[in-house]
Amino acid sequence: MSTTPESTTVTVPEPTTVTVPEPTVVVVPGLRDHVADHWQTLLADRLVGAGRAVATVPPPPGDRLDLDARIAALDATISAVDGPVLLVAHSAGCATTVHWALRHRADVVGTRADVVGALLATPPDLETPLPAGHPAPGELAEHGWTPVPRALLPFPAVVAVSSDDPLGEPERVTELARAWGAETVELGPVGHLNPASGYGEWPRAEELIRALEHA
C-alpha cells in the first residue's frame, strides 16, 4: 500500500522596500552671504515651497573673512540635520566647503556627516589677485583661505565653470576641480553667476542637484 507524502506550503515573504530619505539641501553662500535676488536664495525658497528640507549656512557674526568661523557655521548646520545632506555652494562658499570637507575628512567619511554630494558653482581663483572691491591676496592668506586645498573630496562633486568669470579663469577653475576629483560642467559665458551677471534665477541648479542625488 503506497502513501502520498503530505504537501508542504512555503510562505514567500513579501519583498521589502527600502526608502532612502531625500537629502536636505544645505546652501553655502559666498562672502556676500544672503542676497535676496541671488539664485541660491531663490532656489532655497522654491525648494521649501515644494516641500523640500533646506538649511542655509548663516554668516559669521564678525569678520566676513573669518574662514574658521565660516567652517564652524557650515559644520554646525550639517550637524543639525538628521539624515543625508547635499551641499550647494557658490563663489567663496565653494572654498569654505572644500576647506571644511578636508579639515573634517574623518567625520565626513564616517557616520556623522552623510554628504551625498556637492554642487560647487563658479568657485573663485583665490590664489590670483581678484578685481578691485574684493579681498586682497594678503587678506585671504592671513585668514587661511590660501593656499586653496588640492586633495580629493570625500564625496561626489560637480564644479560649474563659467567661461568669462572675472574671479576665476576657466583653466584655473578646471584645474582645481581636477584636484578635488570633481566633475566639471561648462556653463558658457555666465560671469560669476550672481545678480551682477544677471542671475537671478538659475534653473540648471536643480538639474545638477538631481544628477548628484542619483550619482
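Structure notes:
- Total formal charge among the other residues, if their Cβ is under 11 angstrom from that of residue 69, Lys/Arg +1 and Asp/Glu -1: -2
- Candidates 81, 48, 122 compared by Cα position along the dipole of the chain: farthest toward the positive end lies 81, with charges placed on Cβ.
- Calculated mean residue ellipticity, 222 nm, the chain: -9000 deg cm²/dmol, from DSSP H runs (n ≥ 4) at -39500 (n - 2.57) each, averaged per residue and rounded to 500.
- Under 10 Å, Cβ to Cβ, from residue 54 - net charge with Lys/Arg +1 and Asp/Glu -1: +1
- Across the chain, C-alpha contacts under 8 Å between residues 6 or more apart give a mean separation that, scaled by the residue count, equals a relative contact order of 20 percent.
- Here the Kirkwood formula puts the hydrodynamic radius of the chain at 18.5 Å, using every distinct Cα pair.
- In the stretch 147-215 the Cα-Cα distances spread across 10 Å bins starting at 0 as 20, 47, 32, 2 percent of all pairs.
- Tail weight of P(r) past 18 Å, computed on alpha-carbon pairs of the stretch 89-215, percent: 52
- Computed from the alpha carbon atoms alone, the convex hull of the stretch 30-158 holds 113 Å³ per residue.
- Between the helical axis of 170-180 and the longest alpha-carbon principal axis of the chain there is an angle of about 40 degrees.
- Inter-label distance, nm, simple model (7 Å from Cα along the C-beta direction), residue 82/residue 142: 4.4
- The chain - share of DSSP beta bridges that are antiparallel (%, nearest 5): 0
- Positive-pole candidate from 148, 102, 173, dipole of the chain, charges at beta carbon: 102
- 0 to 90° range, to nearest 10: angle between helix 67-79 axis and the chain longest Cα axis: 20
- Percent of C-alpha pairs per 10 Å bin in the stretch 33-87, short distances first: 22, 46, 30, 2.
Where a number appears in this text, it was derived from the coordinates with a stated rule and is not lab data. What you see is a predicted model; the values in this text were computed from it and never measured. Positions of Cβ are backbone-derived with ideal geometry, glycine not excepted, and every protein chain shown enters the neighbour counts.
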